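Trainee: Attaching a single structure in structure tokens format; questions to follow.
Every number in this text was worked out from the coordinates using simple rules, so none of it is lab data. Keep in mind it's a predicted model, so treat the numbers as computed, not measured. Cβ: placed from backbone, ideal geometry, glycine included. Neighbour counts: every protein chain shown.
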Amino acid sequence: WVNPEGMLDAYWAKTGERSYCFVGLWDSEESLIAARPQMIDHLNKVRDFFEELSPELGVTDPVSGSVVTHKC
């Protein structure tokens, strides 16, 4: 996996015993949109390592949104 163009940073958070959340930070919404095919291709390569969440969702529950607060 090579970070797509425009991805500034990436984080994995453990949200449960067997659940995780991936957060990617992007330089623009356009970069995120342009990277979707690369991210989908990567997911398809590792899909067998994941548990199905439900028949409707498959192995992911994708969401996206803007950062509303940031503090270092």
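Trainee: In deg cm²/dmol and to the nearest 500, what is the mean residue ellipticity at 222 nm of the chain if only DSSP H runs of at least 4 residues count, each as -39500 (n - 2.57), divided by the residue total?
Mentor: -8500 deg cm²/dmol
Trainee: May I pose another question? Among Thr60, Thr15, Thr69, which comes first, second and so on when ranked by fewest other beta-carbon atoms within 10 Å?
Mentor: Lowest to highest Cβ neighbour count: Thr69, Thr15, Thr60.
Trainee: What longest region of the chain stays clear of chymotrypsin sites (Phe, Trp or Tyr not before Pro) that DSSP places outside H, G, I, E and B and that have at most 15 other Cβ atoms within 10 Å?
Mentor: By the stated rule (loop sites, at most 15 other Cβ atoms within 10 Å), 2-49.
Trainee: Work out the length of the dipole vector of the chain about its Cα centre, built from +1 on the beta-carbon of each Lys and Arg and -1 on the beta-carbon of each Asp and Glu, and round it to the nearest 20 debye.
Mentor: About 200 debye.
Trainee: Relative to the longest principal axis of the C-alpha atoms of the chain, give the angle of the C-alpha long axis of helix 29-46, reported between 0 and 90° and rounded to the nearest 10°.
Mentor: Relative to the chain, helix 29-46 is tipped by roughly 30 degrees.
Trainee: Report which label in [x] 0.97; [y] 1.09; [z] 1.00 holds the value of Rg/Rh (Cα atoms, Kirkwood Rh) derived from the coordinates of this structure.
Mentor: Computed from the coordinates, Rg/Rh (Cα atoms, Kirkwood Rh) corresponds to [x].
Trainee: I'd like to know which of Pro4, Ala35, Gly58 lies farthest towards the positive end of the charge dipole of segment 1-63, counting +1 on Cβ of Lys and Arg and -1 on Cβ of Asp and Glu.
Mentor: Towards the positive end, the residue furthest out is Gly58.
Trainee: Continuing with the same structure: Quick one: order Ser66, Ser28 by neighbouring beta-carbon count within 10 Å, fewest to most.
Mentor: On the way: Ser66 5, Ser28 10.
Least to most surrounded, the residues fall as Ser66, Ser28.
Trainee: Just want the ordering: His42, His70, from fewest to most Cβ atoms lying within 10 Å of their own Cβ.
Mentor: The order, fewest Cβ neighbours first, is His70, His42.
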